[in-house]
Amino acid sequence: MVSGIGPSATLKSLGIKVISDLASVGQNMWDHVMLGSVYGVDVATSSRLTNDVAWAVESLVNYASGTGPLTAGGFGVIGWEKLPDAVRANLASATQTALEAFPSDWVLAQCIGQIIDSYNYGSVAAAQVASLLRGNVTITSTDTNVALVINPNWLTHPVDVKVALATFKRTRQVWAPLNITIGDECLPGPNVTNDADILNFIRNSAVQV
């Protein structure tokens, strides 16, 4: 936009000469958030890199020779999933109809498998990749060093909210067969069970990916 290409109202308000009035510039931002649950686990995870200096140094030395935990992207496992029929069946018919706008093989979640103390922690996190709303980006200055104003519009469409809730509950289901957890769920915790509390946790902890 600083070059003069973008919504004329924005450009003129900043004294930028309009080269091309294109209202679509900065619009249609499609992004998604990461959400999920956390447990203490009895296997080494990336948490150990922050609470065990000796192990972190050893991992760095091993990485130089192409071995060790740092050679694993994200120190975890990445998978893509279309929510199972049993999960999708719990979605309202309007939500399921809206999701039909995506191709039949379109996945709904990207799953990636920190609290800092002496324990190892693991997370089953999911990125929502079938969002219906779009965000936008704009400028407030002609100085390109000034940060952009970014509005991703996360979780403002009712369908996105329903899918986020279903996806979060799915991350909890993944833990049971792993058999590596220690004690109760750390985040958001076993007392967070109803949709309102889960959504509040997601809104307060979700991150951009």
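The values are calculated or read from the model by the stated rules, or taken from the named source; none is laboratory data. Worth saying up front: this structure is predicted, and the values here are computed from it rather than measured. Note that we place each Cβ from the backbone using ideal geometry, even for glycine, and neighbour counts take in every protein chain shown.
Output the residue which, of all residues in the stretch 158-209 that are among the β-branched types (Val, Ile, Thr) and not in a helix (DSSP H, G or I), is surrounded by the fewest Cβ atoms within 10 Å (Cβ to Cβ).
Here the answer is VAL207.
Hey, among the residues in the stretch 15-24 that are in a loop (DSSP other than H, G, I, E, B) and surrounded by fewer than 18 Cβ atoms within 10 Å (Cβ to Cβ), which one's nearest to the chain's Cα centre (by Cα)?
Restricting to residues being in a loop (DSSP other than H, G, I, E, B) and surrounded by fewer than 18 Cβ atoms within 10 Å (Cβ to Cβ), the top hit is SER24.
For the subset of the stretch 72-108 comprising residues that are under 22 Å from PRO188 (Cβ atoms) and in contact with a Lys or Arg (Cβ under 7 Å, 6 or more places away or on another chain), which member is modelled with the highest pLDDT?
Across the stretch 72-108, the extreme among qualifying residues is LEU91.
Does any residue of the stretch 130-144 turn out to be in a strand (DSSP E or B), modelled with pLDDT under 90, among the small types (Gly, Ala, Ser) and outside the structural domain of SER3 (by TED's automatic domain parsing)?
No, there is no match, as no residue in the stretch 130-144 is in a strand (DSSP E or B), modelled with pLDDT under 90, among the small types (Gly, Ala, Ser) and outside the structural domain of SER3 (by TED's automatic domain parsing).
Please go through the stretch 25-56 and pick out each residue that is surrounded by 12 or more Cβ atoms within 10 Å (Cβ to Cβ), aliphatic (A, V, I, L, M) and assigned to a helix (DSSP H, G or I).
Hits for the stretch 25-56 are LEU49, ALA56.
Here are SER46, SER65, SER37: which of them is of a type outside the set (A, V, I, L, M, F, W, C) and within 30 Å of THR156 (Cβ to Cβ)?
SER37
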